Amino acid sequence: MLDEFISAFIGYAEVESRAILLTADCGSKSIMRVSSEFPRQFVNVGIAEANLVSVCAGLASCGSFPFAYSIASF
């Protein structure tokens with residue numbers, strides 16, 4: 001499921017520079033692909049899942065299109 005999400009995000013990020021993927025210190029090959037191909041559209045907020053949502057809200061209020069990714073248990 002993560003690979004499909006990242007593939008869809010990459011397709012969107014290629015045409016929309018305001019798309020930003022944010023994660024809370026979750027690492028995978030798929031996520032690292034985004035960080036290397038779209039470094040200006042990737043933010044790792046660290047181990048701060050609650051802050052992840054707040055940062056997304058702030059970015060959205062400024063005109064960005066944030067996408068939050070974290071593990072479901074968090």
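The values are calculated or read from the model by the stated rules, or taken from the named source; none is laboratory data. Bear in mind the structure is a predicted one, so any value in this text is a computation, not a measurement. Because the Cβ atoms are built from the backbone with ideal geometry, glycine has one as well, and the counts that use them run over all protein chains shown.
Just for segment 3-33: of the residues that are of a type in the set (Val, Ile, Thr) and modelled with pLDDT of 95 or more, which one is farthest from Tyr69 (Cα to Cα)?
First pass over segment 3-33, keeping only residues of a type in the set (Val, Ile, Thr): 6, 10, 15, 20, 23, 31.
Within this subset, residues satisfying the condition of being modelled with pLDDT of 95 or more are 10, 15, 20.
Working: Ile10: 14, Val15: 20, Ile20: 11 Å.
Residue satisfying both the conditions and the ranking: Val15.
Pairs only if they're at least six apart or on different chains, beta carbon under 6 angstrom, first in segment 9-31 and under 24 Å from Ile47 (Cβ atoms), second modelled with pLDDT under 95 and among the charged types (D, E, K, R); list them, first residue then second.
Taking only residues 6 or more apart or on different chains, the pairs are Ala24/Glu49; Ser30/Asp3.
What are the residue pairs meeting all of these: first residue in segment 63-74, first residue modelled with pLDDT under 90, second residue assigned to a strand (DSSP E or B) and crowded, with 16+ Cβ neighbours inside 10 Å, Cβ atoms under 8 Å, and 6 or more apart or on different chains?
Ser70/Thr23
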